[in-house]
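Just below is one structure, and these are the notes that go with it.
The values are calculated or read from the model by the stated rules, or taken from the named source; none is laboratory data. Please read all numbers here as calculations on a predicted model, not as lab measurements. Note that each Cβ is placed from the backbone with ideal geometry, even for glycine, and that neighbours are counted across all protein chains shown. We work out accessible area using only protein heavy atoms, side chains counted, and drop any ligands, DNA or RNA first. Shrake-Rupley method; radii C 1.70, N 1.55, O 1.52, S 1.80 Å.
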Amino acid sequence: MYSQEKIDTALKVYHQCRSVSTTIRVLGYPTRRALYTWIANEGSVKSERKPLKLVNTAEHPQNPPVEVKKDAIHRCFELGESIKSVSEDIGYTRASIYSWRRKYLHGGITALMNDKNIKPGTLTESAPPTASTPDLAPLQAQIRDMQMEIDILKETMNVLKKDPGIDQTALKNREKAVMIDALKSKYSLPDLLKRLGLSKSSYYCQEAIKKKPDKYSDIRNRILPLFHENKQRYGYRRIYGLLKREECTISEKVVRQIMREEGLIVICKRRRKYHSYQGEISPAVPNKIERDFHADKPNQKWLTDITEFALPAGKVYLSVLVDCFDGLLPGWTISTPPDFVLVNTMLDQAISHLPQGDRPLIHSDRGWHYRWPGWIERMEKAGLERSMSKKGCSPDNAACEDLFGRLKNEMFYCQDWTGVKISEFIDILNNYLLWYNTKRIKTSLGNMSPWEYRQSLGMVA
């Protein structure tokens, strides 16, 4: 296929550049297999390739320059050349090429440098750079900038609890000052100020602010015991209401900020709801409440429902009545089986305490307890009017559902009930419901409990 003249020319070019790829690229011929065959037939493959495997020679050092490694990586993993052919071309094993690529992906160009022990921040001044020695000063500065950026990102997540994707330059000056204080022992102040886009005067202004005495120290010392006295159940709105009752003039936003700084967080957790629907036992009654949970006076509208508490020791059920006037609980019963006795006993107790002439409308869901003959007979005997939600529509009894949500978030969830007996839990639940009626403040009642609110209106002694 090729004349002897072309074969001789190809071998001559190969002996000059000692590169199969370069020879083919310069001449435009032959194929790699053909060129390797010519070299083998010439009997020079052994003499030509053996020096390439010698260690610590000027022509073929054991650890080649960075340019050789970069070129091999570029040819194999970007241009798509065969790793075997590139390995034979440059005289280094395929394992070496794979090793160079791993180092490059992990540490960049610095990982390919000849100095094995080179690390960021440890580059020292040595002999002046020559034609064969790269100038390391720009590389050192680049490594330092990259390390600073990584450290700032870590402080953004660890100290400020920010999302890693946030723009650091958009942070508040106070937050930037906090990050600078955390890193100024490692980096110079001018570099940190420049990287975060903060002026020197603004930084020292924030430092002076931090040294000033806390003007909210008295408020802070009062918020902490209030939060713990109420068993970590009050968020910033109710803590603000308690402070307002003590005639403490302070912004609600300041209370929220102090509680966030002190880590005073109300932990909430949601679980599945107990369902008592077991089919159509008796005809349902219309929904007369129609989600209007406002009442002009006590004992006008009552809501009722049942909720479940799953303990390690067993399950406990609560049946409760809620007065729409102020949220007072006219009655409740607690039991382990969710039977008809649970709701009938509650209703009997509530009816026995009704003032003369009061006949509240009682709204419930379509659970079997409220369609059982015993419940219906008690309602008719007391002259009380019934109302029921639509099937599977919890918003129709939203005010009662809200009570259960607050109750479980404040008293039940995020508590370890291991080892607590059912009788002990019933006492705890009873105490909470008493506290709910008499002590727990409601912002809608002017930061008073339902019982205190009725006292203020002269309805109870």
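Look at region 425-453: where a residue is at positive phi and a partner is at pLDDT below 90 and buried (at least 18 other Cβ atoms within 10 Å of the Cβ), sitting 6+ places away or on another chain with Cβ atoms under 6 Å, you get 447/241; 447/441. Here is a check on your reading of the model: is residue 160 of a type outside the set (D, E, K, R), modelled with pLDDT of 80 or more, assigned to a loop (DSSP other than H, G, I, E, B) and open to solvent by less than 60 Å² (accessible area, probe 1.4 Å)? Taking the combined requirement at face value, the residue does not satisfy it.
If residue 336 satisfies every condition in (1) free of Cβ contacts under 8 Å to residues at least 60 places away in the same chain; (2) open to solvent by 40 Å² or more (accessible area, probe 1.4 Å) but one, which is the exception? Here residue 336 clears every test but (1).
Could you list, in sequence order, all residues of region 187-239 that are farther than 30 Å from residue 449 by Cα and of a type in the set (A, V, I, L, M, F, W, C)? Give the steps one after another, and end with the answer.
First, the residues of region 187-239 that are farther than 30 Å from residue 449 by Cα: 187-215.
Hits for region 187-239 are 189, 192, 193, 196, 198, 205, 208, 209.
Against the conditions (1) open to solvent by less than 20 Å² (accessible area, probe 1.4 Å); (2) within 21 Å of residue 340 (Cα to Cα); (3) of a type outside the set (Gly, Ala, Ser); (4) in a loop (DSSP other than H, G, I, E, B), where does residue 440 fall short? Just the number, please. So the condition that residue 440 fails would be (2). The residue of region 372-393 that is farthest from the chain's Cα centre (by Cα), among those that are under 13 Å from residue 286 (Cα atoms) and open to solvent by less than 20 Å² (accessible area, probe 1.4 Å), is 387.
Taking the criterion of being open to solvent by 30 Å² or more (accessible area, probe 1.4 Å) and without any contact (Cβ under 8 Å) to a residue 40 or more places away in the chain, the residues of region 23-35 that qualify are 24, 25, 26, 27, 28, 29, 31, 33.
Every residue, every condition in (1) modelled with pLDDT of 80 or more; (2) open to solvent by less than 90 Å² (accessible area, probe 1.4 Å); (3) among the aromatic types (Phe, Trp, Tyr), yes or no:
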{"position": "124", "(1), (2), (3)": "no, no, no"}
{"position": "128", "(1), (2), (3)": "no, no, no"}
{"position": "142", "(1), (2), (3)": "no, no, no"}
{"position": "165", "(1), (2), (3)": "no, yes, no"}
{"position": "177", "(1), (2), (3)": "yes, yes, no"}
{"position": "182", "(1), (2), (3)": "yes, yes, no"}
{"position": "195", "(1), (2), (3)": "yes, yes, no"}
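For the structure I just gave you, tell me whether residue 303 is in contact (Cβ under 8 Å) with a residue 24 or more places away in the chain, open to solvent by less than 50 Å² (accessible area, probe 1.4 Å) and over 38 Å from the mean Cα position of the chain (by Cα). Spell out how you get there, then give the answer.
On the way: in contact (Cβ under 8 Å) with a residue 24 or more places away in the chain: yes; open to solvent by less than 50 Å² (accessible area, probe 1.4 Å): yes; over 38 Å from the mean Cα position of the chain (by Cα): no.
Taking the combined requirement at face value, the residue does not satisfy it.
The residues on offer are 323, 292, 296, and the sole one that is free of Cβ contacts under 8 Å to residues at least 12 places away in the same chain and of a type in the set (Asp, Glu) is 292. Consider region 404-426 and keep the residues that are open to solvent by less than 70 Å² (accessible area, probe 1.4 Å) and β-branched (Val, Ile, Thr). The one that is nearest to the chain's Cα centre (by Cα) is 420. Taking residue 243, is it at pLDDT 80 or above, assigned to a loop (DSSP other than H, G, I, E, B) and crowded, with 18+ Cβ neighbours inside 10 Å? No, not satisfied.
Being open to solvent by 40 Å² or more (accessible area, probe 1.4 Å) and closer than 19 Å to residue 330 by Cα holds for only one residue in 429, 433, 457, 445, and it is 457.
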